[in-house]
Every structure is written in C-alpha cells, then in structure tokens.
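Student: This is the structure I want to talk about, given as structure tokens.
The values are calculated or read from the model by the stated rules, or taken from the named source; none is laboratory data. Quick caveat, the model's predicted, so the values are computed rather than measured. Ideal geometry is used to build each Cβ from the backbone, glycine not excepted, and the neighbour counts take in all protein chains shown. All accessible areas refer to the heavy atoms of the entire protein, side chains included, with ligands and DNA or RNA removed. Shrake-Rupley method; radii C 1.70, N 1.55, O 1.52, S 1.80 Å.
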Amino acid sequence: MALSRPAAGPGLDPGETVAGLELVLEHARRYLEALDEAPVRRPDSDEVARTVRGPLPEDGDGTVDALRRLIEVSDGARVASTGPRFFHWVIGGVTPAALGADWLASLLDQNAGGFDASPLAAEVETVAIRWLLDLFGLPASWGGVLVTGGTMANYTGLAAARQWWAKRHGVNLDAEGFEGLPTVPVLTSGFVHVTALKSLGMLGLGRGRTRICEADETGRLDLDLMEKTLQELDGAPAILIGNAGEVNAGHFDPIAELADLAERYGAWLHVDGAFGLFAAISPRTQPLLEGVDRAHSVASDGHKWLNVPFDCGFVFVREQTLLSEVFGAGADYLPEADEERPIYAFMAPELSRRARSFSVWATLCAYGRSGYREIVERCLDNAAHLLAIVEAAPDLELLAPAPLNVVCFRYRPDGVAEDELDELNLAISERVLKDGRVYMGTSRWAGKVGFRPTFVNWRTTAADAELVVEVVRDLGRTVAGG
Ligand SMILES: *Cc1c(COP(=O)(O)O)cnc(C)c1O
C-alpha cells in the first residue's frame, strides 16, 4: 500500500498517522490495565514471536494493518518486564511520566545532538543532567551526558580515563593512538561487571589485562593487594574501577577507600553504579556510596532503577573537557560548542541521538526527589521482606548478605545432598522462566548456584515479593519430587 502524500514518493497522511496512534493508545489502555495480573511470559511466546516472519512485502499492508499485526504478536510474545513481577537481571519498569515523554520523543523526533539541531532536546538534557547530579549527591561542577545504557556509560567514562592516562604520559591518545605507550594498568575487584571489561576491550585496553584484586571467591576487593599493585607501578598513572552494586547480590566495593587510593597514588577512579548509584537517594543506603563524589567518572543507568524506557544511561565526569577531547568531531558542516550551548554529540559516541532526556526530565519533574526516594525505599523494603522470609524458612538458604535490592538465595529442602543443590536450583530456574508467575534467573555466589531476584520496579508490592518464594517452593517440590 502506498503512502498517500505527496503524490509521488513517500509522505504522511495525517489521518493514517492518527489512526495508527489511536490503535496503539487503545492497546496501551488494555495492556496497562492487565499488567499487574498478567503472566510475565507466556509458555508459547517463542512460537508466537516467530509469526512475524515472512518475506519482505512487495506492496505494504498499510499503517493500521502493520501496527495491528505487531500488537497482536506482542500480546503473545512480549515479556512483561515493565510489570511488577519481573525480577530477572536488573531491568526497571516505566513510570507513567517517562512513558508519555518517550512517546513525545518519537512524535517530535528531535535529534538531541545540540542546540542547533534541537534547542528543546539540548536544554532538556542539560537540566536532566543537573537534576541527576543533584539527586545522586554528585558535585554540581561535574559534567555529564546521556547515553544508551550502562555499557556505554562505562565505555564513555573509561574513554575519558584513557585520555587522561595518556596525557599523563604526555600523549594525546585521541590524535596519536597508542604508539610508544605502555600497557594501561586497570585495577578492580572481582565485582567488576562484564560490560566494564567489555568497554576496556572496546577501548583497546584489553579485557584480559585487568588486574582483579579479589580477597576470596565472592570477588570481594582485596584492598591491600590493590595498594601493593599500585606501589609496584612506581608512580605510573593507573585506572581504578569501583563497583557500586554488583549484580549477584548487590554488594559494593568500599568506594571511599578506593578514592583514598586514587588520591594517594594519583590514579583515576571510575565508579560503575549502574543501579547501585540509586542507593544515594535513600539515607538508609547512602553510606554504601560514601566517597563517590571523589571519583573522576561515574556510570549509571536510566532504564534500571530510574524506571525510564530503554534505552537510557548516563555518565558523569569531573572534567568534562576530556569527553570533548575524545568524542568531539568537528567538521565544516557542524556547529561549534560553547559554554551556554553544549553539543552532546561531541561528548558521547553517537553523533545523532534520540531525545532520551525527555523521559528522564519528565519522570524527575513528575515525582521529584521524594517520589524517587519512595520508589527506592519501596524496593529496599520489598528486598528486606523477601530476605526475612528466606532467613526464617528452613527450606531456603541465603547465600550472601543483601545490602541493597538483590536477594541471593537457593532452595535447600531436607534430604538433598550439597552436591545436588546446583542442579536442583538450575532445574527450578528453567521452570520459573516458563511458569510466568514471577521471572528471575540464577547466578553463582562463591561457587553456589542461587536465585537473585532484584527489586527496581516501582510497581512491585510485598505480595509480589512473597510470590517469589511461593513459586520456588511450588516448582521446587515438583522437581525434587519427580
Ligand atoms: C546492567 C549493568 C551494566 C550494563 O548496563 P546496560 O544498560 O545493560 O548496558 C553495567 N554495570 C552494572 C553493575 C550493571 O548492573
């Protein structure tokens, strides 16, 4: 089917556009009404998803039919990660204000590169960054930029670190590359996230070169070993990665101690706080982040605990000019940045950028500091509630303390030998993902397989948290009994 305006070539029929949007709105009403009760995933979702397959249409089906088909498939094949019972990985929901703003970002389709491309998007991003710095208790003098998620936030922060490191060796790495430079010393604990390592690889620093200073098989930081390693560098600059919230049990490196080391040895401290940075919002957990304001770069995520839609992350840096040194891309056809009119395209990897600031700004505008404190504390309460149930249950075993929002535990009924527990819990986990009442996976803590439900969704209630235990017991009995 041809688009109807202009007569020749592609264009938009306003009537058709609105009809499509109305269809989506009508679906949104139904979807949101059912979300709290709906299964997280349907058992036949893989097969349903495959129904989108087919050859490229020769003549299109038209706006409304295409959207109708996508909605139909989505009903059977989506994972309700925005619902209250999704506890897998660390995936946030979407607040109402963030959802509306995200729709607006597509409607207006702004290029958030800078002021010439869209004064709206550039100004909203500037304010969003200011508000986030304030929310997390980071210095107002820092710079920052929105990126697509935690991976790119780590990449961008570590790119600034790499540029700083080479300058300490008297080289502008951005212009000249690595020639003549030594290996970059990167030190961290065993809590380091795979995407921080991946970022080191993408930056040419070598994932495998990272010096993991861990005290035991949990990955906990060995501070003495890190200090000894720094001493051996004999004054050469190094990059430290502090992990504020690791994914298995929500544990933290001692950030203040890392900041002390960074100061003492003249190192760069990058902190990965993809979800852990949100601990700053509640006085109950803020001490976990003590010293984060002494870091040089901090990475975090929007699509996790901020509950804005994919994809959204942010990176904050003490010295903003390092970002422009790495990501600047001057050309005759492009504008130049000045203090009042920053060019975000020159501070992060992408030149053309979605206005993901809309949902960040809107959700902070809608709920404010107190609303976010409430969201964070509700998640902390849900985690504490589950923790208490696990601790009191004879058939469940807590595998690690739960300082934040992740509860790492395993099913351990009477009569199952220690060396059968990994297999049992993995078998339950497979069934959990098909069951659909709750959604969560496993990981390992000190070598033992356990579930690691994570609380970041604003919709989740205490009853939802209780269902985690009910489902594990229910499926556990089936597996252990069969
Ligand atoms: C999720 C996560 C990341 C990666 O973030 P993405 O948004 O998935 O790219 C990095 N570090 C930590 C600690 C995380 O939890």
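Student: Pairwise over distinct Cα atoms, reciprocal of the mean inverse distance: report the Kirkwood radius of the chain in Å, one decimal place.
Tutor: Evaluated on the chain, it is 24.2 Å.
Student: Another one. Mind jotting down the three principal axis lengths of the stretch 142-220 based on Cα atoms? Whole angstrom, largest first.
Tutor: Projected onto the principal axes, the Cα atoms of the stretch 142-220 cover 40, 31, 22 Å.
Student: Hey, what number do you get for the chain at 222 nm if only DSSP H runs of n ≥ 4 count, each worth -39500 (n - 2.57), divided across all residues, to the nearest 500?
Tutor: -14000 deg cm²/dmol
Student: Show me the chymotrypsin sites (Phe, Trp or Tyr not before Pro) within the stretch 145-224 that DSSP assigns to loop and that have at most 15 other Cβ atoms within 10 Å of their Cβ.
Tutor: 178
Student: Then there's this: Using a basic spin-label model with each label point 7 Å from the Cα along Cα→Cβ, how many nm lie between residue 131 and residue 260?
Tutor: Using points 7 Å along Cα→Cβ, the separation is 3.7 nm.
Student: Let me ask something additional. Can you pull out the trypsin sites (Lys or Arg not before Pro) in the stretch 25-115 that DSSP calls coil and that have at most 14 other Cβ atoms within 10 Å?
Tutor: Those that pass, being in a loop and sparsely packed, are 53.
Student: When the chain is fully extended, how far beyond the present Cα-Cα distance does residue 183 get from residue 392, taking 0.36 nm per residue of separation? Display every interim value, and only then the final one.
Tutor: Numbers: separation 209, 0.36 × 209 = 75.24 nm, distance 5.02 nm.
Full extension of this stretch gives 70.2 nm more.
Student: Tell me which residues come under 5 Å, amide H to amide H, from residue 251 once H is placed; ignore anything under 5 positions away on its chain.
Tutor: Distant-sequence amide H within range of residue 251: 246.
Student: Oh, and also: Rounded to the nearest 0.05, what FRET efficiency is calculated for residue 28 and residue 419 with R0 set to 41 Å and r the Cβ-Cβ distance?
Tutor: 0.25
Student: With the Cα gyration tensor of the stretch 37-129 in hand, convert its eigenvalues to equivalent ellipsoid semi-axes via √(5λ) and list them largest first in whole Å.
Tutor: Details: eigenvalues 195, 105, 22 Å².
So the equivalent ellipsoid measures 31, 23, 11 Å along its semi-axes.
Student: Still on this model: Quick check on the chain: of the DSSP beta bridges with both residues there, what percent are antiparallel, nearest 5%?
Tutor: 60 percent
Student: Calculate, in nm to one decimal, what residue 341 and residue 116 gain on full extension: separation in residues at 0.36 nm each, minus their alpha carbon distance.
Tutor: Extra length from residue 341 to residue 116 when fully extended: 80.1 nm.
Student: When the accessible area of the stretch 378-448 is split by element with a 1.4 Å probe, what percent falls to carbon and sulfur?
Tutor: 49 percent
Student: Express the carbon and sulfur contribution to the solvent-accessible surface of the stretch 24-128 as a percent, rounded to the nearest whole number, probe 1.4 angstrom.
Tutor: Details: 3360 of 5830 Å².
Roughly 58 percent, rounded to a whole number.
Student: So with the 1.4 Å probe, I'd like the accessible area per residue for the chain, rounded to whole Å².
Tutor: 45 Å²
Student: How much length is gained on full extension from residue 176 to residue 70, taking 0.36 nm per residue of separation minus their Cα-Cα distance?
Tutor: On the way: separation 106, 0.36 × 106 = 38.16 nm, distance 4.83 nm.
My answer for the length gained is 33.3 nm.
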